[in-house]
Amino acid sequence: PTASPTFTGTITLGGTTQLTENFPILMDAALSADGKWSAVVSETGTLGETVAFGEFVYLLAADSQWYKTDADATATAGAVKVGVCVVAGNDNDSTQIMFEGKIRADSLFPALTVGAPLYLSTSPGAITHTAPSGTDDVVRIIGYANTGDEVFVNITNEYIIHV
């Protein structure tokens, strides 16, 4: 067996990084507490309004800032880039947006059913177990429940408009 080094902080890699067969990139097996997250894919950005940790957001192309999603409209939940805020803030604050990974938000997420799909909600920034069903609502899966308060985020680009 080889040693498994532990790093903290930022590691910058240049050139090609090759993963060896049968050795994945692993996320934290179980998030330790409320307000924790582990990402495979995320990026920095700027908020366009006050957004809490765990709220789902979309990128508004007009100003390149992140705003809360709302499944009532395609402009805020349909053919737009969607992620989840993991660094809360206010209008014009820097943030971190996750697209694939795990997040635990005990008070924000509803009582989740393990393994069930989760959808963007018609309540701004929220998620729901029930696919939105109003006229012109956007139905878009954002991930699945790992536990009662932890979400595996895997946002797809696919969505439908309920008629």
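The values are calculated or read from the model by the stated rules, or taken from the named source; none is laboratory data. This is a predicted model, so every value here is computed, not measured. Every residue, glycine as well, gets a Cβ built from its backbone with ideal geometry; the counts of neighbours run over all protein chains shown. Ligands, DNA and RNA are excluded from the accessible area calculation, which covers all protein heavy atoms including side chains. Shrake-Rupley method; radii C 1.70, N 1.55, O 1.52, S 1.80 Å.
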Inset, instruction - Determine the dipole magnitude for the chain: charges of +1 sit on the beta-carbon of Lys and Arg, -1 on that of Asp and Glu, nothing else is charged, the reference point is the Cα centre, and the result goes in debye to the nearest 20. - result: 320
Legend entry - Inter-label distance for residue 32 and residue 17, nm, one decimal - labels placed 7 Å from Cα along Cα-to-Cβ: 2.2
Inset, instruction - Could you give the size of the charge dipole of segment 78-163 about its Cα centre, using +1 on the Cβ of each K and R and -1 on the Cβ of each D and E, expressed in debye and rounded to the nearest 20? - result: 140
Legend entry - Residue-normalised accessible area of the chain, given per residue in Å² at a 1.4 Å probe: 57
Legend entry - Carbon plus sulfur fraction of accessible area for the chain, probe 1.4 Å, in percent: 52
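If you wrap a convex hull around the Cα atoms of segment 93-163, how much volume per residue is inside, in Å³? Walk me through the numbers on the way to the answer.
Numbers: hull volume 7.4 nm³, N = 71.
Hull volume normalised by residue count: 104 Å³.
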Legend entry - Area of residue 160 that stays accessible when all protein chains are in place (1.4 Å probe, Å², to 10): 100
Legend entry - Value of Rg/Rh across segment 27-141 [Cα atoms, Kirkwood radius]: 0.95
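Which value in deg cm²/dmol, rounded to the nearest 500, describes the helix-derived mean residue ellipticity at 222 nm for the chain, given -39,500 (n - 2.57) per DSSP H run of n ≥ 4 and division by the residue count?
Numbers: 1 runs with 4 residues, N = 163.
That comes out to -500 deg cm²/dmol.
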Legend entry - Estimated inter-spin distance, residue 141 and residue 107, nm [label 7 Å along Cα→Cβ]: 3.1
